[in-house]
Each structure stands twice: as structure tokens, then as C-alpha cells.
Ligand SMILES: Cc1cc2nc3c(=O)[nH]c(=O)nc-3n(C[C@H](O)[C@H](O)[C@H](O)COP(=O)(O)OP(=O)(O)OC[C@H]3O[C@@H](n4cnc5c(N)ncnc54)[C@H](O)[C@@H]3O)c2cc1C
């Protein structure tokens, strides 16, 4: 791979003169901050970081990288747990400062640039009483999240974030700037609805929004001794929930920092307060909770509820798979294994996947996962590097013990850094071959390969 030593300094100076953002090399102020992403385990050193302010900066950065033969990485919100937003020795296209947003209240749409996070996005749309499915942790970037499908609290009513994507401004490997819509580029638009960062750099996104101001949501926690009963109750209860109600079940530690293990139900109801209270009454009535934080709140608040569990810079290693069923054996295994988890920030989380998201044809967008059920995720998180081996080992062993209950599909956004091509195929399912054809058309040389990569057909 070429490094900056091989880059023509005159060329770099000429670019810097025109560049609206900043071009950072190792000796520059801000370089170390810019190369750090959410997962503190990732420690890569790009030869150059192009902190873009607009589309023209992105076009120039791609051109420079290609001329110099530098590997390209693309950073939106920097949350990808595998750290694919950063390259060692290549050129990182950093979109974090591209924060523009414009809501059109009459059309109920928003155009948002690729550096926006869900906290920023929800704050802006809430001004107009509008919302769309977004990340369940508000610091996640809209860009990588949406390109990877984007599941969240509102998927039962509005589907995935990518199901609500109307247009994308995309800079291709050749440097073309396309306003991609279903009419202008049907194949590419189909691919961008869940096909990841494979097809170019998305500089802005247009979403369909929906009227929503308030939800009823929060968390009810039970003692860990009741974990098996809680998981079985959860399985029965979620077999017949309305689209408005999404409930996740999590074995975790109390958010008060006490380290106490809990079995909790986290939920969001997007109907009226009366509908919500009627539907969640059995949850309130079940068992003997040790903590209850459940009630009406503005929609953006539910997206920040889990933020404290995922601080920037914490060390993370994730494993995830859709489940064929929430079997008794998985429940028993989860309860047993969670007892020996090495970090008080670790969790075993079961996400309910249902409603509108499952009424889309599996080949209608790049996201094939349209069967109601559950997604298992182990978002292991710890702070002390000395604990890394123990946490990774526990996560892998526990995940392996769950294998008999796995479905074929994998959620693209949750894939970690030791996933092989098979996991990527499982994430794209029957859509992989069409995606590979579209990849060949728009990125035949696989310039954009630091992602959940689809090789050109
Ligand atoms: C704490 C936490 C909570 C999460 N919660 C959810 C959740 O509720 N639902 C869910 O579906 N996922 C969730 N995720 C996963 C998340 O959606 C993915 O990690 C996603 O990649 C993050 O997007 P980003 O822009 O922040 O990440 P980045 O790391 O910046 O980007 C990830 C990858 O996406 C591509 N990419 C990013 N921006 C662009 C762009 N503008 N153009 C082209 N390619 C681009 C690149 O390949 C890049 O490597 C969560 C992750 C974390 C760490």
C-alpha cells in the first residue's frame, strides 16, 4: 500500500488550498482525535484524514486516494464495532463534520448530511412532531446505520430506516455525484437500502418521516433470579404484540452502577397513552420488579435511554444472530452463562423483530430479513484493556453455546471484525448476487471495501 511519503506534496498543498474541510496527517492537531472512533479497541493510523465539509471535498478526497493508490475508508458516525471506518496507512474520508439538516414539514421529509447522529436528527425532526426509525443508542451515525438497514424502536410501525429512505446523494468511485432515487437509478437505490457502504460515499440522505411526538416506554427490571421466568414471559407476551409496541429483553447490570445483575424488559409503545397502558398492563403486572422506569416521554428520549451503557472509547466486541426460536434451551443457557460474564457492562439482549419490518418482500430492498422473530445480540463492553481477552473469550463461548437456536440470517450492522465472508452472505441472503452485480457496475475495482464487503460479480 502507498503511504503519504509517496504522495506528491505539491498535489496535497493544491488540494488543501481548495479544500473546505481539513486534511490531517499524523503530526497535525486533531489527527489523534479524528482517528478515534466509538470502539476503543480500534487503533488504526490513516496516512491522511480528509475531514470533509461538503460533497466537493468528498469528490476530491476520492480522486486523491485513487491517484495515490491509497486504501479508502469512510467514517459517518464512527459506531461500526468492527472499526471499518478507519484505515491503517490509507485515506480516511471523515464525514463527521457534515451536519446539515433540512426538514420539509409539508412533505414530511428530511435531507440530512452523513455526519449527523441520531441524537441530532431526532432533535431536529421533533421540532416538527415528526420521526422515523432510528438507532437505539443516540450517538450512532445515521449514515452507516441506514446503509446497513437500520433497526430500531419504531420498526414495528414504520419498518427499517432504510425502508424509509427516499434519496441518497452518492459520490461514486469514479467521482460522479448522483442523486439516487427509485426513479433515477432503481438498481442503485435498491442496493443502498441496506447494502452497506459498498457503492460509494453517501453525502446526504432523504427520509420519509411520520407524525410522532410522544411514546410510552422505558425499562422494568427484575432480579436476576427471575431471569428464566422473565424470558419465558417475554416469549409468550411478544407472540401477539401490536405493531406499535416493541419489547426487548435483556440480561444486564443495573444502570445505577451497583453491578447488580438484572433481567429487564425495555420497551417503546408508539400508540396513544391509553393504547399503550392497556397493552403493557400485563408487563406491569408480571413478577416482582426491582426497578420500574416506565411512562410517557418524548420520542427522542427513548433513543437515548441506553446511551450510558455504551460510552465513547469503551472497548467493545459484539456477536449477533437472528434466532429460529427463543427456545427453552437458549433461555437456560443464557441464564447460566450470564452468571459468569466478566464485565458489568456486558449484556445478552434479545430484540423483538416484528410488524411493518416483516411485511416488506425480502427482495424488495437489499435487506432480506423479513420474518418475525428475535435477534440475539451480545454487545460486550468493558473499560480495562487487561480484561480484553476474558471478555472476548466469554462472548465467543457464550455465542457458540447459543448456536442450536440460530436462524440463518445475520444483522449486517452488528457484524464484528472477525466475521468471515459467510457472515456477510448470511446478512445479504438471497440478495447477495444482485448486489454483487450492482457493485460491479458502480465500484468494479472494489475501492470501497472497508465495509461488510460485497465483491464485484
Ligand atoms: C452503541 C451502538 C448501538 C447501535 N444500535 C443499533 C441499532 O439500534 N440498530 C442498528 O441497526 N444498528 C445499531 N448499531 C450498529 C450501527 O448501526 C452500525 O455500527 C453502523 O455501521 C453505524 O453507523 P455509523 O455511521 O455510526 O458508523 P461508521 O463506523 O462511521 O460507519 C460504518 C461503515 O458504514 C459505511 N459508511 C458510513 N458512512 C458512510 C457513508 N456516508 N457513505 C458510505 N459508506 C458509509 C462504511 O463502510 C463504514 O465503515 C449500533 C452500534 C453501536 C456501537
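Determine, for each peptide in 185-194, 78-87, the mean count of other beta carbons within 10 angstrom over its residues, then list the peptides with the highest first.
On the way: 185-194: 21.4, 78-87: 25.1.
Top to bottom by mean Cβ count within 10 Å: 78-87, 185-194.
Please work out the Cα convex hull volume for the range 59-126 and give it in Å³ per residue. Could you put the intermediate results ahead of the total?
Working: hull volume 6.5 nm³, N = 68.
Per-residue hull volume (Cα only) is 95 Å³.
Can you tell me the order of 332-343, 274-285, 368-379 when each peptide is scored by its average per-residue count of other Cβ atoms within 10 angstrom, highest first? Could the numbers behind the result be given before it?
Values: 332-343: 17.1, 274-285: 14.8, 368-379: 20.9.
Top to bottom by mean Cβ count within 10 Å: 368-379, 332-343, 274-285.
Just to check, using Stokes-Einstein with a Kirkwood Rh over alpha carbon pairs, what's the diffusion coefficient of the range 52-205 at 20 °C and 1.002 mPa s in µm²/s? Display every interim value, and only then the final one.
Working: Rh = 15.6 Å.
The Stokes-Einstein estimate is 137 µm²/s.
Order 225-231, 295-301, 243-249 from most to least packed using the mean count of other Cβ atoms within 10 Å.
On the way: 225-231: 19.3, 295-301: 16.4, 243-249: 23.7.
Highest to lowest by the protection proxy: 243-249, 225-231, 295-301.
Specify the inter-centroid distance of the range 375-394 and the range 305-354, based on alpha-carbon positions, in whole Å.
Cα centres, the range 375-394 to the range 305-354: 10 Å.
Cα convex hull of the chain: how many Å³ per residue?
On the way: hull volume 61.4 nm³, N = 457.
Each residue corresponds to 134 Å³ of Cα convex hull volume.
Report the normalised scattering of the range 4-94 as log10 I(q)/I(0) at q = 0.17 Å⁻¹, calculated by the Debye formula with identical scatterers on the alpha carbons.
Summing over Cα pairs of the range 4-94 leads to -0.64.
Whole angstrom only: what separates the Cα centroid of the range 414-457 from the Cα centroid of the range 1-61?
Centre-to-centre (Cα) distance: 26 Å.
FYI, it's all coordinate maths here, none of it is from the lab. From a predicted model like this one, the values you see are computed outputs, not experimental measurements. Cβ coordinates were reconstructed from backbone atoms using ideal geometry, including for glycine residues, and neighbour counts include every protein chain displayed.
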